[in-house]
Amino acid sequence: MIAIVDYDAGNLKSVQKALEYLGEEAVITGEPEEILQADKVILPGVGAFGDAMEKLKTKDLVATIQEVDNRQIPFLGICLGLQLLFEESDETPGVKGLGILPGKICAIPPKEGYKIPHMGWNSIHTASDARLFRGLEQDSYVYFVHSYYLQAQREEDVTAVTDYIVPIHASVEHGNTFACQFHPEKSGEVGLQILKNFCAL
């Protein structure tokens, strides 16, 4: 069973539907015990960093997600779910993230001719040994919606990069913790293959 963490964020149902399309049992739950009993855990999300951290705290899910990491249960953060794994964000200065991975979430700087939020399809350049991207062609296109981007502290954690005004760390992998800034559930066949790879871990 795959647990999709429910902390009142948007986009949970589309992730659940994509997993069910792949034949996986996926449950949206905010219950710590159910999350810790899952075979795999996904933290999706659309919204603001500070609000999301407050909701995770209110629902007693910060310690739960840290325990998922301690137990090395395969974990996938998506979009805001990637950002929350890190230490801090320009979006809400002073609010600490989950701190599971070292790095900072930065605002995409304005540039003439470019729109923020970054919304649409971009190609990603992936690491050859990245488990999430097995079976995919280099520079495949995936779908992004974000105004903030990751600067990971450890280069070895970064498994995919893209460019939009600045170089963006689009995916990371450390042990059994994975995360994507883009939305695999909205990225067509490429995204389904990424989710399939995660389910197969």
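The values are calculated or read from the model by the stated rules, or taken from the named source; none is laboratory data. Just so it is clear, the model here is predicted, and its values are computed rather than measured. Glycine gets a Cβ as well: all are built from the backbone with ideal geometry, and neighbour counts include every protein chain shown. Ligands, DNA and RNA are stripped out before the accessible areas are found, and what is left, the full protein with its side chains, is counted by its heavy atoms. Shrake-Rupley method; radii C 1.70, N 1.55, O 1.52, S 1.80 Å.
Things to note:
- FRET efficiency, residue 151 to residue 34 (Cβ-Cβ, R0 35 Å, nearest 0.05): 0.55
- Across 40/186; 59/96; 55/115; 13/57, pairs whose alpha-carbon gap is larger than 25 Å: 55/115
- Size of the range 1-152 as Cα extents on the principal axes (Å, biggest first): 48, 40, 27
- Of the peptides 47-59, 187-199, the ranking by mean beta-carbon count within 10 Å, highest at the top, reads 187-199, 47-59.
- Surface exposure of the range 10-128, expressed per residue as accessible area with a 1.4 Å probe, stands at 49 Å².
- Length gained when the stretch residue 200-residue 87 is fully extended (0.36 nm per residue, less Cα-Cα span): 37.8 nm
- Taking the protein heavy atoms of the range 90-190 in the context of the full set of protein chains, the accessible area attributed to carbon and sulfur is 49 percent at 1.4 Å.
- Over the residues of the chain, the helix contribution to mean residue ellipticity at 222 nm works out to -7000 deg cm²/dmol, using -39500 (n - 2.57) for each DSSP H run of at least 4.
- Most tightly packed first, judged by the mean number of other beta-carbon atoms within 10 Å of their residues, the peptides 68-80, 157-169 read 68-80, 157-169.
- Of all aspartates and glutamates in the structure, those lying under 16 Å Cα to Cα from residue 111, and not within fewer than 8 positions of it along the same chain, are 163.
- Excluding ligands, DNA and RNA, the accessible surface per residue across the range 133-183 is 42 Å² with a 1.4 Å probe.
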